[in-house]
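This report refers to the structure that appears directly beneath it.
The values are calculated or read from the model by the stated rules, or taken from the named source; none is laboratory data. Just so you know, these numbers come straight off a predicted model, no measurement behind them. Glycine gets a Cβ as well: all are built from the backbone with ideal geometry, and neighbour counts include every protein chain shown.
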Amino acid sequence: MTDFVQKPIERSKLLPALYQSVLASEIEQNRSVEMTDEILNMRVLGELSEQLGHDTAEMLLTRYEDEANALMTLLNSQQGKDAPVEDLIKDIHKAAGSSAQLGLSAMRHKLNVIEVNVKQQGVEALWSEIDNLNALWKDSRDAIRNEGFLS
């Protein structure tokens, strides 16, 4: 919020300040949704490859693949269903952060949405999205391979 209301509160300034805050939040949310139309953020992947070299970028994405495969294996197992919800949230949060850093926009978005929903609605929000998450991970992994970052 660039304009804020100070005490004493003037009603004439309160509504415009709240309106700007809500409008800024909506714009950011819409921008986030628009960014998830792409599975991979090629700008991020390109910068990663350019700055670190293709071999290092490939190594990082291979590590990410291992991390994401481990998460998906856990979430699709009885061990995952029996795990404390706090542990699942921590693992989902970590994978979302890795997704963001490596340009996997759709995975980042889906994992962030799942994390928020699990915190608000309980673990059932995760299990209701598991098939969608599985399909998205397969599509994301295929997209990384198609770009030459995974063997």
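Here are the numbers for the structure shown:
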{"quantity": "Test set (1) surrounded by fewer than 19 Cβ atoms within 10 Å (Cβ to Cβ); (2) among the aliphatic types (A, V, I, L, M); (3) more than 21 Å from residue 147 (Cα to Cα) - residue 59 fails condition number", "calculated": "(3)"}
{"quantity": "Top-ranked residue in the stretch 33-58 [being among the polar types (S, T, N, Q) and under 22 Å from residue 113 (Cα atoms); ranked as modelled with the lowest pLDDT]", "calculated": "36"}
{"quantity": "Flag for residue 132 being surrounded by 14 or more Cβ atoms within 10 Å (Cβ to Cβ), out of contact with any Pro (no Cβ under 7 Å at 6 or more places or on another chain), assigned to a helix (DSSP H, G or I) and without any contact (Cβ under 8 Å) to a residue 24 or more places away in the chain", "calculated": "no"}
{"quantity": "Single condition residue 78 does not satisfy, out of (1) within 24 Å of residue 117 (Cβ to Cβ); (2) surrounded by 10 or more Cβ atoms within 10 Å (Cβ to Cβ); (3) at pLDDT 95 or above; (4) of a type outside the set (Phe, Trp, Tyr)", "calculated": "(2)"}
{"quantity": "The stretch 89-117, subset more than 19 Å from residue 135 (Cβ to Cβ) and of a type in the set (A, V, I, L, M), residue surrounded by the most Cβ atoms within 10 Å (Cβ to Cβ)", "calculated": "102"}
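Listed here are the residues, each with its yes/no results for (1) under 17 Å from the mean Cα position of the chain (by Cα); (2) at positive phi.
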| position | (1), (2) |
| --- | --- |
| 108 | yes, no |
| 112 | yes, no |
| 119 | yes, no |
| 122 | no, yes |
| 137 | yes, no |
| 142 | no, no |
| 145 | no, no |
| 151 | no, no |
